[in-house]
Amino acid sequence: MREYAFIETKVEDYIGIIELNRPKQLNALNRQMIKEIVQVMESYDQDDTVRVILLKGKGRAFSAGADIDEMSNDDPIRLELLNQFQDWDRLSLIKKPIIGAVQGFVLGGGFELALSCDVLIAAEGAEFSFPEVNLGVMPGAGGTQRLTKLVGRTLALEWIWSAKRIQVEEAQSHGFVNRIVSGELLEEEALKFAKMIAEKPPLAIRLIKDSVNKAIDYSLYEGMQYERKNFYLLFSSEDQKEGMNAFVEKRKPKFQGK
Amino acid sequence: MFTTINYECHEGISWIKLNRPDKLNAFIAEMNREITHAVRQAAKDEEVRCIVITGEGRAFCSGQDLAEVNDDTNHGDLLRNHYTPMVKAIMACEKPIIAAVNGVAAGAGFSLALACDFRLASEKASFINAFVNIGLIPDSGNLHFLSHLVGRAKAIEISVLGEKIPAQKALELGVINRVIPQDTWQKEVEEFASKLAKMPTKAIGLIKRYLTLAENLPLDAYLEKEAEGQRIAGLTKDAKEGVQAFIEKRQPEYIGQ
């Protein structure tokens, strides 16, 4: 596997792991780092040995946000031509489940990266915030959209306007953190969760993600039409036959992702 | 370095000595900041396995220095900016913290002692929840800690009457752990601190963490957390050493990890 400048990667037990690796800079995200993350996610998405993607950050923070030095002198035309947020659009197209394991600061772009995950496991003491407003700007990689869809307009406005630090317990009570675990066990628990998903039939997992995501963008009627097509589609899979036969025969199914 | 406190570390013990003896170690903003900083520093320092907070001179701490308070003072902001960070730093520290109360602990000085894990008091020490005597309420977490220690009835009595509680009476109330005679004071505090500094530090930190969770979670949720905590403790070198020493019928030697 090729070497990356700002991330570390490895695949084990059907789990494709991506670790942000700028611990001294609290994993501040630069453009190259995002490119690397997206590149690896896309390769994992095509890799049969990967069923679940696990994204985490090395050191005491998941990510303290974007690398400010890199953008302080940008102008609108340069940003338009650079089109850096296109990489973030590609993140939304990943079909396999993405588990985020976060600790410490989850700020700005780091928060947006966390919100791009499907499931978030967070360490006790993790703090989420959009501090962009204090620099005279605003979130640009989906923060105002994703957070609003998760917690509603009223809270999203308060949090993004005020740059308030949201404690992990509050994050969980508002539904964007699935589980809170002790910091020492973050990796172990996130891997346990990833493994549990990796043991399920991959095609069903994939089409569940596809359908649930449609609930965000579609009307209920359209979403339900979409859901049933995916439901029908799974009946053409071997895993559906295996799953139902195993159920009838009272044995454990063996899923192959076919 | 520090101007309002003395900070020294030896043999695994970090000593934070409030050092404004002519003001009976009353709090000024700088002292709040320095205690906060010192506790965080001790929490991070791998050599440190026990922290002692005590006072230079005849007082432990007489609370907020009223010379720093005037008609324009926003008492809420004074807490938010100076006392709350100090109390949070103490609560966040996963090493044992002893308040060695050498003399009077009044107002926020009482609160400081209450925020610690252990309270050793000299026979000359006394405690006063003095806030009500100037028309204020106990702060810096005082009511939270006090009501947990002595229950609501006694917490109300201590806070509303604002009377001086001698060390022996504080012991009977369950506010402190022990009273130490003046002539053996220094020696007994050192022995107690040194005993804690040789214990499995990580386990002590976890006991503190899970005690807080135990106070705040329903039993089912707590039992799940407890399993996590024991998993963490079970992974420590000290847990392995503890079992090994037990099997080999010898005294364990803990390294705090």
Residues in region A:163-183 that are more than 14 Å from chain B (Cβ to nearest Cβ) and either in contact with a strand residue (DSSP E or B) (Cβ under 6 Å, 6 or more places away or on another chain) or touching a residue at least 12 places away in the same chain (Cβ under 8 Å) (or both) total 9
For region A:26-44, the count of residues that are surrounded by 16 or more Cβ atoms within 10 Å (Cβ to Cβ) and farther than 14 Å from residue A:3 by Cα equals 9
Scanning region A:58-75 for residues that are within 11 Å of residue A:29 (Cα to Cα) and among the hydrophobic types (A, V, I, L, M, F, W, C), the one modelled with the highest pLDDT turns out to be A:62
Residue A:106 vs (1) surrounded by fewer than 14 Cβ atoms within 10 Å (Cβ to Cβ); (2) within 23 Å of residue A:144 (Cβ to Cβ); (3) of a type in the set (Val, Ile, Thr); (4) in contact with a Phe, Trp or Tyr (Cβ under 9 Å, 6 or more places away or on another chain): all pass except (1)
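Within region B:178-193, how many residues are assigned to a helix (DSSP H, G or I), under 18 Å from the mean Cα position of the chain (by Cα) and of a type outside the set (A, V, I, L, M, F, W, C)?
To start, the set of residues in region B:178-193 that are assigned to a helix (DSSP H, G or I) comprises B:182-193.
Now drop any that are not under 18 Å from the mean Cα position of the chain (by Cα), which leaves B:185-186, B:188-193.
Still in the running and of a type outside the set (A, V, I, L, M, F, W, C): B:186, B:188, B:190-191.
The total comes to 4.
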Being exposed (fewer than 14 other Cβ atoms within 10 Å of the Cβ) and of a type in the set (A, V, I, L, M) narrows B:223, B:217, B:149, B:213 down to just B:223
Consider residue B:206 carefully, then state whether it is within 23 Å of the chain's Cα centre (by Cα), within 14 Å of another protein chain (Cβ to nearest Cβ) and crowded, with 19+ Cβ neighbours inside 10 Å.
-> yes
Taking the condition within 14 Å of chain A (Cβ to nearest Cβ) and crowded, with 20+ Cβ neighbours inside 10 Å, does residue B:158 pass? no
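Tell me, which helices (runs of 4 or more DSSP H) lie completely within region A:163-258 with 2 or more residues that are basic (Lys, Arg)?
A:186-198, A:202-217, A:220-234
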Notebook entry, point to check: Within region A:192-212, can one find any residue that is within 14 Å of chain B (Cβ to nearest Cβ) and either surrounded by fewer than 16 Cβ atoms within 10 Å (Cβ to Cβ) or in contact (Cβ under 8 Å) with a residue 24 or more places away in the chain (or both)?
Noted result: yes
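Conditions (1) within 14 Å of another protein chain (Cβ to nearest Cβ); (2) over 17 Å from the mean Cα position of the chain (by Cα); (3) assigned to a strand (DSSP E or B), marked per residue:
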site: A:106; (1), (2), (3): no, no, yes
site: A:112; (1), (2), (3): no, no, no
site: A:121; (1), (2), (3): yes, no, yes
site: A:128; (1), (2), (3): no, no, yes
site: A:138; (1), (2), (3): no, yes, no
site: A:145; (1), (2), (3): no, no, no
site: A:150; (1), (2), (3): no, no, no
site: A:158; (1), (2), (3): no, yes, no
Residue A:115 fails exactly one of (1) surrounded by fewer than 22 Cβ atoms within 10 Å (Cβ to Cβ); (2) at positive phi; (3) not hydroxyl-bearing (Ser, Thr, Tyr), namely (2)
For region B:159-173, the count of residues that are in contact with an Asp or Glu (Cβ under 9 Å, 6 or more places away or on another chain) and either of a type in the set (Asp, Glu) or outside any strand (DSSP E or B) (or both) equals 3
Checked pairs for region B:241-257, first without any contact (Cβ under 8 Å) to a residue 12 or more places away in the chain, second assigned to a loop (DSSP other than H, G, I, E, B), C-beta under 6 Å and 6 or more apart or across chains, list as B:245/B:252
Scanning for something assigned to a loop (DSSP other than H, G, I, E, B) and in contact (Cβ under 8 Å) with a residue 12 or more places away in the chain, does region B:140-158 turn up at least one residue? yes
In region A:76-92, anything at pLDDT below 90 and part of a loop (DSSP other than H, G, I, E, B) is listed as A:83, A:84
When restricted to A:70, A:80, the only residue out of contact with any helix residue (DSSP H, G or I) (no Cβ under 7 Å at 6 or more places or on another chain) and either in the same structural domain as residue A:12 (by TED's automatic domain parsing) or of a type in the set (Phe, Trp, Tyr) (or both) is A:80
Subset of region A:213-223, residues out of contact with any Phe, Trp or Tyr (no Cβ under 8 Å at 6 or more places or on another chain) and either crowded, with 17+ Cβ neighbours inside 10 Å or under 22 Å from residue A:236 (Cβ atoms) (or both), comes to A:213, A:223
Selection over region B:218-257 where residues are away from every other protein chain (no Cβ under 14 Å) and of a type in the set (Val, Ile, Thr) yields a count of 3
field: Test result for residue A:186, touching a residue at least 40 places away in the same chain (Cβ under 8 Å), within 14 Å of chain B (Cβ to nearest Cβ) and of a type outside the set (Val, Ile, Thr)
entry: yes
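The values are calculated or read from the model by the stated rules, or taken from the named source; none is laboratory data. Bear in mind the structure is a predicted one, so any value in this text is a computation, not a measurement. A quick note on method: Cβ atoms are made from the backbone with ideal geometry, for glycine too, and the neighbour counts reach across all protein chains shown.
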